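A.B. asks: Submitted below is the structure of interest, expressed as structure tokens.
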Amino acid sequence: MIELHTYETGNGQRPRIMLEEVGLPYRLIRVDLPAGAQKSAEYLAINPTGRIPTLIDPDGPGGRRVVVRQSLGALVYLAEKTGRFLPADPVGRAAVMDAMLLAATDIQQSINCGVHLLMLAAVKMPDAGQALMERAAQSCRHLEDWLADGPWLAGGDYTIADIAAFTVVHTLKTRSIALPDLPRVERWYHAVLERPAVRRGIAPMA
């Protein structure tokens, strides 16, 4: 059975949502970031970066054990394992990767830094953290432009790009960060949120 070591952050929710979407059985293991569990010797033994998530599949290709230590890597791995939410044709695949990386690099990095300054840093800097979160919200204008070509970020089909970007917007909303007027993003966000697998994937961890 797949193990997912993770926490209730956007990065941590991505592979959990994907596992729920594709219906693979998995065991969820909570890594308590505020308590510093990601720096424990036990966790560093499976992920030397000291970050979440870590996905461990004991039954990978050819029966080999696979460890994936990045949220986007986990999305791609699970998509390829199941043949879902990532087109096989190069043009469609490129569109998915393009949209996914837009959200996970251009926008996500401001969120990562903001959360660190607000929650995890030894010396908290709430004003700077809040400013970074607000900068991320403004950057969501790029998603509005992407959605001009279809109901989902990569066109007509729901893909891992939508999962990756959803957790970005969801993080901002759950932290009460005001988004600019983005009607396409609002419609898309609620369409993703209505998916049962997504609701299960963002549910509080025990």
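A.B. asks: Quickly run through the range 1-45 and pick out the residues that are among the aromatic types (Phe, Trp, Tyr) and within 16 Å of the chain's Cα centre (by Cα).
C.D. replies: Tyr7
Listed here are the residues, each with its yes/no results for (1) among the hydroxyl-bearing types (Ser, Thr, Tyr); (2) out of contact with any Pro (no Cβ under 9 Å at 6 or more places or on another chain); (3) surrounded by 14 or more Cβ atoms within 10 Å (Cβ to Cβ).
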{"site": "Ala37", "(1), (2), (3)": "no, yes, yes"}
{"site": "Gly60", "(1), (2), (3)": "no, yes, yes"}
{"site": "Arg65", "(1), (2), (3)": "no, no, no"}
{"site": "Ser71", "(1), (2), (3)": "yes, no, yes"}
{"site": "Lys81", "(1), (2), (3)": "no, no, yes"}
{"site": "Asp89", "(1), (2), (3)": "no, yes, no"}
{"site": "Met100", "(1), (2), (3)": "no, yes, yes"}
{"site": "Gln108", "(1), (2), (3)": "no, yes, yes"}
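A.B. asks: Mind listing just one residue for me: the one in the range 1-16 that is β-branched (Val, Ile, Thr) and under 22 Å from Ser110 (Cα atoms) and, of those, modelled with the highest pLDDT?
C.D. replies: Within the range 1-16, the match that is modelled with the highest pLDDT is Thr6.
A.B. asks: Look through Val67, Val76 and report the one residue that is touching a helix residue (DSSP H, G or I) at 6+ places or on another chain (Cβ under 9 Å), modelled with pLDDT of 95 or more and not charged (D, E, K, R). Spell out the reasoning first.
C.D. replies: Numbers: Val67 fails: touching a helix residue (DSSP H, G or I) at 6+ places or on another chain (Cβ under 9 Å).
Going through Val67, Val76 in turn, the sole match is Val76.
A.B. asks: When you go through Asp57, Asp98 one by one, which is the residue that is under 19 Å from Leu4 (Cα atoms) and among the acidic types (Asp, Glu)?
C.D. replies: Answer to the selection: Asp57.
The values are calculated or read from the model by the stated rules, or taken from the named source; none is laboratory data. Here the structure is a predicted model, which is why all the values come from computation and not from measurement. Every residue, glycine as well, gets a Cβ built from its backbone with ideal geometry; the counts of neighbours run over all protein chains shown.
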